[in-house]
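Each remark here refers to the structure printed beneath this line.
The values are calculated or read from the model by the stated rules, or taken from the named source; none is laboratory data. This one's a predicted model, so the numbers in the text were calculated from it and none came from an experiment. When we count neighbours, we look across all protein chains shown, and the Cβ atoms used for this are built from the backbone with ideal geometry, even at glycine.
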Amino acid sequence: MRVVEKSARTVEEAVAEALRELGANRDDVEVEILEEGSKGLFGLLGAKQAKVRVRLKDAGGLEAGAAGGGSERTGAVMAGAGGDEEDGSNAAWEVDGDLTGDFAEEEVVEEDARPAGPPDETRVARAREFLSGVLDRMEVDAALETRIDDDGTVYINIAGQDLGLIIGRRGQTLDALQFLVNQVANRGEGRRVRIILDAEGYRARRAEALTALARRMAAKARRLRRKVALE
């Protein structure tokens, strides 16, 4: 049975490289994840490559693979190529759950259910402490401004100069940081708190820009009398 091991930025890329070397299709192999890899904190700190072991199946199917003995990561055999995962944590906090994907704008996970009543002050303090620690590690000089809406939603604004590193392209870094803050704040049992993170009013400016763009495209579509795609 031919076996190759490959490392790449993500599990999918490592599997694809192995398949090319073996000259095989995905259905012809067994994939074992040795290292899941991670992008580090916002792709800046502690990035680690994914590593996989790919075996060609023999005529007997999966039984031969099962009889081959133990592995470094038992039970890590994929039925299909899955996504890469990140463990969002720093030295002080450990985030529950897996952080999956690239935090693209349309993929940001937020709590749909709004909290009822005032939020747990302990959770809010935990979120602020975690966020302050991240900013310190990134060497960003900023202050945190907190307000609580009538429905209990907590808004934390990062106030400072030159916050482009915090916002990122199309707000992706800010969205990722918001995800982490919510994960840290809502560890353990109890009523969850919903936290919206902003940086010097970026979200309002972004909403205004998107609204203006939509209106321009609508006017163009009316003028041309045809559909107009947003690029």
>> I'd like the residue in the stretch 160-209 that is loosely packed, with under 14 Cβ neighbours inside 10 Å and in contact (Cβ under 8 Å) with a residue 40 or more places away in the chain and, out of all such residues, is nearest to residue 230 (Cα to Cα).
In response: 170
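Which one is farthest from the chain's Cα centre (by Cα), of the residues in the stretch 14-47 that are basic (Lys, Arg) and at pLDDT 75 or above?
Checked the stretch 14-47; the qualifying residue farthest from the chain's Cα centre (by Cα) is 20.
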> If you check 230, 224, 177, which single one turns out to be in the same structural domain as residue 140 (by TED's automatic domain parsing), out of contact with any Lys or Arg (no Cβ under 7 Å at 6 or more places or on another chain) and of a type in the set (A, V, I, L, M)?
Replying inline: 177
> Consider residue 208 against the criteria (1) outside the structural domain of residue 168 (by TED's automatic domain parsing); (2) more than 22 Å from residue 162 (Cβ to Cβ): it satisfies all of them except one. Which criterion is unmet?
Replying inline: (2)
